[in-house]
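Quick note: the coordinates plus some simple rules give every number you see, no bench work behind them. Owing to the predicted nature of the structure, the values given are computational and were not obtained by experimental measurement. When we count neighbours, we look across all protein chains shown, and the Cβ atoms used for this are built from the backbone with ideal geometry, even at glycine.
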Amino acid sequence: MIPVEVTRISFYPPSKGYAVILQEIGGENRRLPVIVGSFEAQSIALALENVDTPRPMTHDLVCSILNNTDVGLSAISITDLSDGTFFAELKINSNKAGEKIIDSRPSDAIAVALRLDVPIFVADSVMDSAGLDEETEEEREFEKRSDSSGVSHKFLQEKLQKAIDEEEYEQAALLRDKIMEMEKKV
């Protein structure tokens with residue numbers, strides 16, 4: 001298993017979704033793009049930015065359950081890639097049941113792992129078949145238009161508009177401030 005960290009989230013036009021970029025820690029510095037939906041990308045971005053929501057989202061609920069029971073999450077792993085679909089597992093443990101492996105979508109596993117600050121791993125076979133070795137021009141351009149956690153300017157603008165449309169003004173103010181901070185750096 002290869003340890004990785006989330007370095008950025010970028011819009012992925014072919015699927016109208018988002019690519020969560022997992023960067024190998026140490027080693028060869030390979031990257032693995034995992035395509036996720038917009039809701040999952042939002043949840044991952046909120047975890048990356050340590051943004052608290054007024055009410056718990058689904059991933060926050062899962063974390064609360066884990067934190068308020070004798071069950072702990074020790075790691076998550078992206079274990080397989082089959083027909084273009086990634087598969088992940090949560091490695092949980094408890095005093096009563098011991099260690100258990102729970103099947104998960106990678107996006108959900110990543111969102112929970114970031115909130116609980118547990119390690120993220122990718123199977124060697126997955127990184128070998130879907131990992132990227134060289135940074136593309138698109139990735140270099142993304143770096144210029146993203147903040148230190150890798151959240152893109154466009155992504156934040158889309159989330160700001162959604163927050164305004166849904167009259168979530170506290171969230172909108174936080175996003176506006178983040179966008180203004182990002183624009184000062186450019």
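The table below gives the values:
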read-out	value
Residue 173-residue 25 pseudo-label distance in nm [points 7 Å out on the Cα-to-Cβ vector]	3.6 nm
Fraction of alpha-carbon pairs over 24 Å apart in the chain - percent	40 percent
Dipole magnitude of region 2-133 about its Cα centre (Cβ charges: Lys, Arg +1; Asp, Glu -1), debye to nearest 20	320 debye
Residue 49-residue 70 FRET efficiency (beta carbon distance; Förster radius 30 Å; 0.05 resolution)	0.50
Additional length obtainable on full extension of the chain from residue 61 to residue 96, 0.36 nm per residue less Cα span	10.4 nm
Region 2-133: relative contact order as a whole-number percent, Cα under 8 Å and 6+ apart	26 percent
Cleavage-rule hits, GluC sites (Glu not before Pro), region 9-113, DSSP coil, Cβ neighbours within 10 Å at most 13	28
FRET efficiency, 1/(1 + (r/R0)^6) with R0 22 Å, evaluated for residue 38 and residue 180 via beta carbons	0.45
Positive dipole terminus of the chain, leading residue within 22, 174, 84 (C-beta point charges)	174
Within the chain, longest stretch clear of exposed trypsin sites (Lys or Arg not before Pro) (DSSP loop, no more than 10 other Cβ within 10 Å)	97-186
For the chain, with +1 on Lys and Arg beta carbons and -1 on Asp and Glu, the positive-most of 36, 109, 54 along the dipole	54
Two-site label geometry, residue 133 and residue 82: point separation in nm, points 7 Å out along Cα→Cβ	2.9 nm
Gain upon complete extension [residue 15, residue 161; 0.36 nm per residue less C-alpha separation]	50.5 nm
